[in-house]
Number of protein chains: 2
Amino acid sequence: MAVQPERGELPWWSKSRVVRKRSLNASRIIEAGMALLDRDGLDGLSMRKLGAELRSGATSVYWHVPNKDALLDLLLDQLMAEANATIRHDPGASWRAELAAYAIALRVVLDRHAAAAGLLSTRAAVGPEGLRFMEGVMNALADAGFGGRQRALAYAALTGYTLGHVVLEQRKPPTDGSQPPTAGHQLQRLGVLLRGVPRGRFPGVFESAADLAELTDEEAFEYGLQRMLDGLQAELRPG
Amino acid sequence: MAVQPERGELPWWSKSRVVRKRSLNASRIIEAGMALLDRDGLDGLSMRKLGAELRSGATSVYWHVPNKDALLDLLLDQLMAEANATIRHDPGASWRAELAAYAIALRVVLDRHAAAAGLLSTRAAVGPEGLRFMEGVMNALADAGFGGRQRALAYAALTGYTLGHVVLEQRKPPTDGSQPPTAGHQLQRLGVLLRGVPRGRFPGVFESAADLAELTDEEAFEYGLQRMLDGLQAELRPG
DNA sequence: TACGATGCCCGCACACCGTTCGATATAGGA
DNA sequence: TCCTATATCGAACGGTGTGCGGGCATCGTA
């Protein structure tokens, strides 16, 4: 059967004339996907919802993107673009400050997008923007004096820490359904949760619960980052 | 309609007499779930498959476990039990060695279960075995001289690094479908992949690709761990 | 201006998922 | 032996990713 204009809809404003004007493209898809990701989380992001968000058919996106996995890759690279744009380059800064700037930029971006760590922990960021980010880190390490095998090791160490802490900050606590979302402050929340453990069986955990509850995710991240940089710096003076 | 024995099936071997003998319980469910997790990965783990694995109905598991999320929590705690059993306690060891033993035990366990990092990066390990693990780390930190707020910070730093590197080792590469699975050796694989980046645009990445390709995941983990411990140790001598 | 080719969009359908619910079978105590 | 709490199961609901074919819109060419 032929497509009929809806009741009361004038034919020259019909869907075919107005809406369907090459409406989908990569950037619109990525934008909508990111919005959906931020709003509904990684689990809530479905191709069908994405179609609805774009006011298009449920499977229309598949013309532009081969599958969901590829879409997630695109979204991740978009996040890396944001990170690259966030880095505060300081010409006179030390190599430590430069490396810290990269790590912090990544954390800030993932802080803006609550479901982003889930992406980064699933797939390697090897799109163009991901590589640009990696290139910056590699160069900063080279400037610091790391070369060859040692540079690769240092890279893995830094990346491991940054990724891990970010995941730590975003992974969902075993919510008893009591609290509202309260995104961020994950360590704080963990601390609150741990105040409920049996004191007799886990005295060390119990003791630390209060201290954990008073940490900011950001300061904890910064602390560990500096310790890692300390450790790396010590490697540069090989005695 | 009543249940009929299948054609050729003798009645006293019928399903109701043999198979259904209170067949399901928590430990069997966890065991089968772990097997399924190892075989099919986190995405491949479904409640229906779990039912099949247990030779029971598709939804029978729901009597013992409220939902899939709770099942995953159970599986994670099982992993932490394995980790606790893997730790090599050495009475005369330094606090560094003790902390390293915890981190390494976790890595070894996640190395045995290819999909385990996906679990740990999604949910906090706060089941009994997870807490036991955490208690050990907290005590080791206390022995080292970390107390109060500083202990919480050190804990977050170490946990962040360990979690991150483990995730790094297990996250799937953007497979072009070319290679077979080849689990493990994720850094190596990343290195091989990066040898294909345009040398002109990403010289630093290109240079490091070869070095990355020659790293073992294990030695990279160990290196970063020692650097983090170096950094933490330096905090203990506050001048 | 007419017409075919191509690019883009969409609905249908398939297989699978987590989960709810009611029916049913079993085990163990009265 | 009967009754009841416990355990298992099958069907069904709403959701998912995605392959497929049909059809519209647009454009290059005649």
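Coordinate-derived values only; no laboratory data. Computed from a predicted structure; not experimentally measured. Heads up, the Cβs are rebuilt from the backbone with ideal geometry, glycines too, and the neighbour counts pull from every protein chain shown.
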extent check for the range A:98-238: Cα max minus min per principal axis, descending, whole Å, gives 49, 35, 20
Toy charge model, Lys and Arg Cβ at +1, Asp and Glu Cβ at -1: the protein assembly as shown dipole around Cα centroid in debye, rounded to 20, equals 1840
Relative contact order in percent for chain A (Cα pairs under 8 Å, 6+ apart) equals 14
Quick note, the range B:56-95: a/c under 1.5 would make it rounded; otherwise a/b > b/c is prolate and the rest oblate (a ≥ b ≥ c, C-alpha gyration tensor); here it is prolate
Computed for the range A:109-212: size of charge dipole around the Cα centre, +1 on C-beta of each Lys and Arg, -1 on C-beta of each Asp and Glu, debye to nearest 20, value 280
Yeah, the range B:182-239 with a ≥ b ≥ c from its alpha-carbon gyration tensor (a/c under 1.5 is rounded, else prolate when a/b outruns b/c, oblate otherwise) is oblate
Taking only the alpha carbons of the range B:29-184, the radius of gyration and the largest Cα-Cα distance, Dmax, both in angstrom, are 17.5, 54
To the nearest 20 debye, the range B:27-150 has a Cα-centred charge dipole, built from +1 on Lys and Arg Cβ and -1 on Asp and Glu Cβ, of 200
What helix-only [θ] at 222 nm does chain B give? Using -39500 (n - 2.57) per DSSP H run of at least 4, over all residues, to the nearest 500, the answer is -20000 deg cm²/dmol
To the nearest 10 degrees, the tilt of helix B:95-112 (Cα long axis) against the first principal axis of the alpha carbons of chain B is 40
Under 17 Å between C-alpha atoms, the lysine pairs in the protein assembly as shown lying 8 or more places apart or on different chains count 4
For the protein assembly as shown, shape from the Cα gyration tensor axes a ≥ b ≥ c, cut at a/c of 1.5 then a/b versus b/c, turns out oblate
